[in-house]
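J.: Below is a structure I'd like to ask you about.
The values are calculated or read from the model by the stated rules, or taken from the named source; none is laboratory data. Keep in mind it's a predicted model, so treat the numbers as computed, not measured. A quick note on method: Cβ atoms are made from the backbone with ideal geometry, for glycine too, and the neighbour counts reach across all protein chains shown. Accessible surface is based on the protein model in full, side chains and every heavy atom, while ligands, DNA and RNA are left aside. Shrake-Rupley method; radii C 1.70, N 1.55, O 1.52, S 1.80 Å.
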Amino acid sequence: IPDYIAAVRDGDYERGLKLLYETNPFSQICGRVCTHKCETTCAASHEGDAVAIRWLKRHICDQVPFEKYREIIGGPQPATGKKIAIIGTGPAGLTAAFDLIRKGHQVVVHEARNKPGGMPRYGIPEYRLPYDIIDREVEVITSLGVEIHCNSRVGTDISMEQLRRDYDAVLLSIGLHLGRSTRIPGSDDRKEVTKAVDLLRAITDGEEIDAPSRIVVIGGGNVAMDIARSMARLQKQAHGKVNLTVTALEDFDHFLADPEEVRECGEEGIEIFDARGPQEIVFDDSDNLVGLKSWKVLSIFDEQGRFAPSYDESDEQIHHADMVIEAIGQMTDISLLGEELTERLEWNRGRIQIDDDGRTSETWLWAAGDCVKGPDVVNAVATGHLVAESIDAVLNQQK
């Protein structure tokens with residue numbers, strides 16, 4: 001970071017870009033949507049505001065013509081004859097692909113959806129992260145020789161066993177594409193109740209989305225803010241006004257969403273209720289949705305620090321709605337693994353267990369990104385680097 005800050009100070013943006021891509025092939029994306037936790041520990045903060053590291057990253061990328069990126073970044077080393085298969089085209093998978101192709105290995109990436117980009121494309125609205133920025137990041141990586149096969153669903157179009165046989169190593173980087181449910185009464189199997197990740201994916205794919213006149217979102221993280229703002233804009237187009245409510249367990253001082261996301265929700269006319277615990281999605285006697293029942297939250301964790309919310313039941317509200325959207329977290333779709341591999345793998349609290357190098361209990365299989373640690377773009381990039389180093393070290397031992 002100090003080196004590319006110095007490059008900005010010197011006006012040498014090409015040097016800055018080369019420095020960025022030595023450690024982060026998703027610099028254009030991170031320059032826009034990174035959670036920038038580095039700024040909270042910035043050494044300059046004792047003198048005032050922290051250095052705006054995220055915006056400096058974006059500034060460097062924006063100053064260099066894209067057609068010069070490839071020349072500045074450089075090309076791959078001579079071919080090693082080793083082949084790696086990667087499942088998923090999010091930041092972790094493509095970071096590993098970037099590193100491995102530069103080391104001379106052949107890399108083939110399988111992507112179930114029709115475009116690459118993973119959760120940044122299918123989980124972050126375009127107003128925050130333009131799709132052409134994702135396309136440019138991917139183009140840099142494919143220009144080095146990485147093959148990406150979209151609409152290639154592992155477990156259906158090709159099996160994990162086939163990948164194991166045909167490649168020297170396999171990497172799982174499959175993100176968190178399934179939404180979690182509150183499991184409160186009224187949340188199951190109702191067309192009026194949906195998950196934020198499903199809606200965000202449908203919006204990315206250009207599907208026609210019905211935005212009813214009253215919407216309630218459950219959740220207080222960035223995904224909740226993203227879907228709230230996305231649906232509010234569709235509401236305004238359809239009805240000429242916004243009538244959207246967000247309810248969150250946390251009080252405003254402990255919100256999980258970035259402060260700017262919360263502020264911008266308010267600027268778009270979205271009403272946010274903090275410290276409200278969802279209790280029931282209420283339907284009337286004719287099975288029509290009434291809305292969300294919530295109670296005031298007194299505390300979220302017990303004395304041992306375990307998640308155990310307590311409520312003031314006398315402080316009850318009905319948030320009227322024609323649609324309720326759950327945005328309380330995501331999980332990984334592991335169906336592609338198949339029953340046999342799922343049984344053989346070791347697990348840790350529902351996530352694939354890996355060692356310090358990202359290797360699973362199956363010696364040919366690694367895992368990285370949100371499916372093992374997340375969700376966060378920069379953490380996904382970091383785990384992509386880690387597994388690439390590990391895979392390269394193992395393949396070098398096999399020579």
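J.: Order of 292-301, 192-201, 156-165 by packing, highest average Cβ count within 10 Å first?
T.: Result, highest mean Cβ count within 10 Å first: 192-201, 292-301, 156-165.
J.: If you place +1 on the Cβ of every Lys and Arg, -1 on the Cβ of every Asp and Glu, and leave all else neutral, what size is the dipole of the chain about its Cα centre, to the nearest 20 Debye?
T.: 1200 debye
J.: Step through the residues of segment 316-328 one at a time and calculate ³J(HN,Hα) from phi using the Karplus curve (6.51 cos²θ - 1.76 cosθ + 1.60, θ = phi - 60°), rounding each to whole Hz and writing x for Gly and Pro.
T.: Listing the rounded values in order: 10, 10, 10, 9, 5, 7, 9, 8, 10, 10, 8, 9, 10 Hz.
J.: Net charge near Leu56, counting Lys/Arg +1 and Asp/Glu -1 over other residues with Cβ under 12 Å of its Cβ?
T.: Once positives and negatives cancel, what remains is +1.
J.: Next question, about the same structure. Report, ordered by chain and residue number, the lysines lying within cross-link reach of Lys83, taken as a straight Cα distance under 25 Å and ignoring same-chain residues fewer than 8 apart.
T.: Leaving aside lysines fewer than 8 places away in the same chain, those within reach of Lys83 are Lys103, Lys115, Lys399.
J.: With springs connecting C-alpha atoms under 10 Å apart, model the chain as a Gaussian network and identify which of Glu268, Glu326, Glu207 has the largest mean-square fluctuation.
T.: Glu207
J.: So, one more: Determine, for each peptide in 139-152, 169-182, 303-316, the mean count of other beta carbons within 10 angstrom over its residues, then list the peptides with the highest first.
T.: Averaged packing, sorted descending, gives the order 169-182, 139-152, 303-316.
J.: Hey, another quick one. For segment 1-118, with only Lys/Arg (+1) and Asp/Glu (-1) charged at the beta-carbon, what is the dipole magnitude about the Cα centre, in debye rounded to 20?
T.: So the dipole magnitude of segment 1-118 works out to roughly 560 debye.
J.: Picking from Ala248, Ile203, Ile218, whose Cα lies most toward the positive end of the charge dipole for segment 197-274 (charges on Cβ: Lys, Arg +1; Asp, Glu -1)?
T.: It is Ile203.
J.: Output ³J(HN,Hα) for segment 186-195: one whole-Hz value per residue in order, computed from phi by the Karplus curve 6.51 cos²θ - 1.76 cosθ + 1.60 with θ = phi - 60°, and x for Gly and Pro.
T.: x, 8, 8, 6, 10, 5, 7, 10, 9, 9
J.: Report, in whole Å, the centroid distance computed from the Cα atoms of segment 262-293 and segment 333-399.
T.: 38 Å
J.: Got a sec? Charge dipole of the chain, +1 on Cβ for Lys and Arg, -1 for Asp and Glu; which of Asn114, Leu100, Gln330 is way out at the positive end?
T.: Result: Leu100, furthest along the dipole toward the positive end.
J.: OK, next. Of Ile1, Pro125, Pro91, which is farthest on the positive side of the dipole of segment 1-137, counting Cα position, with +1 on Lys and Arg Cβ, -1 on Asp and Glu Cβ, and the Cα centre as origin?
T.: After comparing all options, I get Pro91.
J.: Could you name the lysines in cross-link range of Lys37, using Cα to Cα under 26 Å and dropping any fewer than eight places away on the same chain?
T.: Qualifying lysines at Cα under 26 Å: Lys18, Lys57, Lys373.
J.: Would you please give the residues with an amide H less than 5 Å from that of Ile86, counting only those at least 5 places away or on a separate chain, with H modeled from the backbone geometry?
T.: Under 5 Å from the amide H of Ile86: Val108, Val109, His110, Leu171.
J.: Take the Cα radius of gyration of segment 75-209 and divide it by 2.2 N^0.38 Å, with N its residue count; two decimals is plenty.
T.: Dividing the Cα Rg of segment 75-209 by 2.2 N^0.38 Å gives 1.20.
J.: Per 10 Å bin from zero, what fraction in whole % of the C-alpha pairs of the chain is there, up to the bin with the longest pair?
T.: 5, 21, 28, 25, 16, 5, 1, 0
J.: Of Asp226, Asp188, Asp99, which has the largest mean-square fluctuation in a 10 Å C-alpha GNM of the chain?
T.: Asp188
J.: In square angstrom, rounded to the nearest 10, how much accessible surface does Leu341 have for a 1.4 Å probe?
T.: 10 Å²
J.: Let me ask something else about it. So what's the back-of-envelope 222 nm ellipticity for the chain, counting only DSSP H runs of four-plus at -39500 (n - 2.57) apiece and dividing by all residues, rounded to 500?
T.: Result for the chain: -11000 deg cm²/dmol, rounded to the nearest 500.
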